[in-house]
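What follows is a single structure, written as structure tokens, with notes after it.
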Amino acid sequence: MLGKLRPLLFILQFVVVGLAAAFLISLAWPGVGAHLRDGLRGGHPASTNTSARPAFEAPAAGPASYADAVAKATPAVVNIYADKTVTERPLAVFPDPILQRLWGGMAAPALKRREQSLGSGVIFTSDGYVLTNNHVISGADDIQVMLHDGRVAHARVIGTDPDTDLAVLKIDAGTLPTIQVDGEAPRVGDVVLAIGNPFGIGQTVTMGIVSALQRQLVLSPYEDFIQTDAAINSGNSGGALVNAKGELIGINTAMFDRDAGAQGIGFAIPVRTAKRVLEQIVEHGRVVRGWLGVEVGNVMISADSGLPAAARGAMVVDIYPGGPAAQAGLQTGDVLLKMDKQPIIDPAGLRTREAEMAPGSKVEISGLRAGEPFHTQVVLAQRPTFRQTTPRG
């Protein structure tokens, strides 16, 4: 019986020794098992379950410098000096109280003085068309433009658009560097650079991000501002807001009052609007806009209305007598939801879309009247200036 068990005991001894050796080797070289398995599979690493433990990807780091973007954009940004004559008629003041009561309100001889407005501008075409803010050059008798290379050129006004606070100037200074325009809409969080001439100290670059889009400040009928925390100061008006590649995304225009404690809240006109205004002024001498003939306000759509959340619409609050909307039968209180089957998001969006259409265009308007759907067609007219017509009320 013992003779029959000896071969089995011999084999068992070798198994125990082998297991002990494997244990010691695994302690000294933890990865040997996987290495041997990979070798048996032809050298390919063992597969892992990536879905169970996704790999972490670190965000790409931003550039250490924006000097290339600045070098690309600054040659097309100019300083603007607008001089105008201001007439003042001070009141006469008498030292004697009796004479002051009798003659104190009498106007003294008119006095004239020169006043200079500082601003910035952007060269859009190589033959010298420059875009700036209307408030920079409004009422100016003489406008001088200082180029990036130090040359100074006299500028003439081609046209202005107070509704967007933009103006187009023309200078003759040979072939000029132009700004490259970004073809894509900016996003909140994008890095931006503001370039201009703050307080007349010379061309300056500040950096920030896009803080918000489609801001309305109720400064003019057409507002779709880019908000940024890049520093914008007096003198930056009309300058360039560019992206991290040096491409123009907006024209710096306004800032919140620093005296009110606001910091890092500046606004720029989107380049899409600015470019369209420039093209219209160069072609027609003014901006030609389509017009519905209504005043609209915000409206809230209830959650159980069945309407898409994006289709908030615009409510008709007033109608111009004899205008396109009046002729089409629109009524105050109508909620306008679609124009040519495209949703109307808000009043500002509706004003922008009608302005971009040519006078004479026929558009289909869909909406709600007293809760009931309605459809009508409106033939747009050319938008008049405010002093030419007055809405009811």
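Read-outs: derived from the displayed coordinates by stated rules, not from any lab. Computed from a prediction, not measured in an experiment: that's the story for all the values here. All Cβ positions, even for glycine, are placed from backbone atoms using ideal geometry, and neighbour counts span all protein chains on display.
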What FRET efficiency do you get for Thr85 and Arg151 if R0 is 25 Å and r is their Cβ-Cβ distance, rounded to the nearest 0.05?
0.45
Label model pair Ala185, Ser234: point-to-point distance (7 angstrom along the Cα→beta-carbon line) in nm is 3.5
Starting from the stretch 168-221, pick out the trypsin sites (Lys or Arg not before Pro) whose DSSP state is loop and whose Cβ has at most 16 other Cβ atoms within 10 Å.
Arg187
Between Glu372 and Arg114, what is the label-to-label distance in nm when each label sits 7 Å out along the Cα-to-Cβ direction?
6.9
If packing is taken as the mean number of other Cβ atoms within 10 Å per residue, what is the order of 274-285, 354-365, 67-78, highest first?
67-78, 274-285, 354-365
Cα→Cβ-extended label distance, 7 Å offset, between Ser138 and Asp68, nm
4.1
Selection from Asn236, Gly246, Leu217 lying farthest towards where the dipole of the stretch 191-284 points positive, charges on Cβ:
Gly246
At a Förster distance of 51 Å, what's the computed FRET efficiency of Asp318 paired with Ser126, Cβ-Cβ distance as r, to 0.05?
0.65
Residues Arg156, Arg289, sorted so that the one with the fewest Cβ neighbours within 10 Å comes first:
Arg156, Arg289
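Based only on other Cβ atoms within 10 Å, what is the fewest-to-most ordering of Asp334, Asp172?
Least to most surrounded, the residues fall as Asp172, Asp334.
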The extension gain from Gln216 to Lys338, computed as 0.36 nm times the residue separation minus the Cα-Cα distance, is 41.8 nm
Quick check for you: which residues of the stretch 114-144 have the amide N under 20 Å from the point 7 Å beyond the Cα of Thr175 toward its beta carbon?
123-130
